[in-house]
Amino acid sequence: MAEQLNDFIKNESKGLGLVTAVSPANIAFIKYWGKSDKQQQWPANSSLSMTLSKSVTKTSFAMNNTGFDQFIFNNQLLTSKDQRDHKVFRHLQFLRDAMTSSGMEISQKFFTIKSENTFPMGCGIASSASGFAALTTGFLAACTDSYQMEQLELAGFNRTTIAKLALRGSGSAGRSISGGYIEWVKSTSPECQSIEPFMAAKEWDLSDIIIIASDKEKAVSSTDAHQYAWGSPLFSMRLSQIDEKLKFAKEALETRDLQKLGLLLEQEALEMHAVALTGSTPVQYFNQKTIEIISWIRAERLKGNLNAWFTLDAGPNIHLICKASESKNIVKKIQLDWPQQMIIEDRVGTGTQVYKYGEIYD
Ligand code: PMV
């Protein structure tokens, strides 16, 4: 481990062949829940999300001469046993194959990869989305010596193309490449699915105040829960109505109607959790604290004290969506009533960036 870190630092000081990708998490307004094709990561339904700005994964790549990739996450090196079947290495292999089959000669390029999150992982803040978005973008940038997204585009990888590759690592990662409000369109076949910006960040400045109910890593991964969803008696009802719901959500965004969007957000989050709770293997992602905070949100809103609506990811933490201009006051209010809870005040952002390693990206 010390040796690999030393190599990394030696390269770093020479400033050679180093690139850092910074990718934000995203919060789904209409959730991706269930896969129609596991192999090709084809979702059971289209989804819509908001790209965040503060909750990010930073992943740096340095060339190494060992003949294989090394991955250091939060200063922990994945061992060689993990390497065979770990999803990070499976995704790197997928990217190598994709680049090779499009005619790029990268078979001899291997990297030491160092990655870290600015937020707790595996507890419903979409760390797999930001993680696989940064891994994909950083790998493509390192292979093509691109130090800006514009250079990467000139090398043949625009954001739409990167998104399609990133979703193979983790579906929601595809929605973390571009900024603003993003639609992942299921379409009629896995090959035809696409991930496209629906509305730019500057069109509507919304905040996501993340209230941490627990930062423990979840016991059941979303990968497993996507499969269990098909066993829920509620799932076919969900799928039959989801396109209509997506249409309403897009209308609410276009008309900047927070109340309309908010109602949908809460229904959608609770519906996804109802499917998870009633799947072939039931999964409960929320906890007692989640329920207490949700009840508080609804009660305060009814009293006219809170102009904000919640959504939940596959975890216990609450994402409170509000106008960015009202976010500071809402955070103060939460801190008063929930002094024990950690809060991340995030907002809509502009998407993944790449930098020459060592350039300021904070
Ligand atoms: O990308 P995955 O496999 O981690 O699935 C993400 C699923 C949710 O985060 C719960 C919903 C979504 O659309 O992001």
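Can you confirm whether the range 214-221 contains a residue that is surrounded by 16 or more Cβ atoms within 10 Å (Cβ to Cβ), more than 15 Å from the ligand (Cβ to nearest atom) and not assigned by TED's automatic domain parsing to the domain that holds residue 19?
Within the range 214-221, the first condition is being surrounded by 16 or more Cβ atoms within 10 Å (Cβ to Cβ), and the residues that meet it are 214-215, 218, 220.
Going one step further and asking which of them are more than 15 Å from the ligand (Cβ to nearest atom), we end up with 214-215.
Retained after the next criterion (residues that are not assigned by TED's automatic domain parsing to the domain that holds residue 19): 214-215.
Yes: one or more hits.
Return the pairs, sorted by first residue and then second, in which the second residue is hydrophobic (A, V, I, L, M, F, W, C) and assigned to a loop (DSSP other than H, G, I, E, B), the first residue lies in the range 26-44 and is closer than 27 Å to residue 54 by Cβ and open to solvent by less than 10 Å² (accessible area, probe 1.4 Å), the beta carbons are less than 6 Å apart, and the residues are 6+ apart or on different chains.
From residues that are closer than 27 Å to residue 54 by Cβ and open to solvent by less than 10 Å² (accessible area, probe 1.4 Å), the pairs are 26/126.
Across the range 252-283, what is the number of residues that are open to solvent by 60 Å² or more (accessible area, probe 1.4 Å) and part of a helix (DSSP H, G or I)?
Selection size over the range 252-283: 7.
Starting from residues that are open to solvent by 70 Å² or more (accessible area, probe 1.4 Å) and over 24 Å from the mean Cα position of the chain (by Cα), keep the ones in the range 284-322 and report whichever is nearest to residue 228 (Cα to Cα).
My answer is 288.
Need at least 1 residues that are out of contact with any Cys (no Cβ under 7 Å at 6 or more places or on another chain) and more than 17 Å from residue 95 (Cα to Cα) per element, so show me which helices (runs of 4 or more DSSP H) inside the range 109-176 make the cut, counting only ones lying wholly within it.
Values: elements: 127-144, 149-154, 159-166.
Helices (runs of 4 or more DSSP H) meeting the threshold: 127-144, 149-154.
For residue 173, are the conditions met, namely being within 16 Å of the ligand (Cβ to nearest atom) and open to solvent by less than 20 Å² (accessible area, probe 1.4 Å)?
yes
Considering only residues of the range 64-92 that are at pLDDT below 85 and not polar (S, T, N, Q), which is most open to solvent (accessible area, probe 1.4 Å)?
In this case the residue turns out to be 84.
Hey, residue 208 hits all of (1) assigned to a loop (DSSP other than H, G, I, E, B); (2) of a type in the set (Asp, Glu); (3) open to solvent by less than 20 Å² (accessible area, probe 1.4 Å) but one; which does it fall short on?
Every condition holds for residue 208 apart from (1).
Just the residues that are in contact with a strand residue (DSSP E or B) (Cβ under 7 Å, 6 or more places away or on another chain) and closer than 28 Å to residue 44 by Cβ, please, taken from the range 205-217.
206, 208, 210, 213
The values are calculated or read from the model by the stated rules, or taken from the named source; none is laboratory data. Only a predicted model underlies this, so the values are computations on that prediction, with no experimental measurement involved. Cβ coordinates were reconstructed from backbone atoms using ideal geometry, including for glycine residues, and neighbour counts include every protein chain displayed. Areas reflect the complete protein model, heavy atoms only, side chains present, ligands, DNA and RNA absent. Shrake-Rupley method; radii C 1.70, N 1.55, O 1.52, S 1.80 Å.
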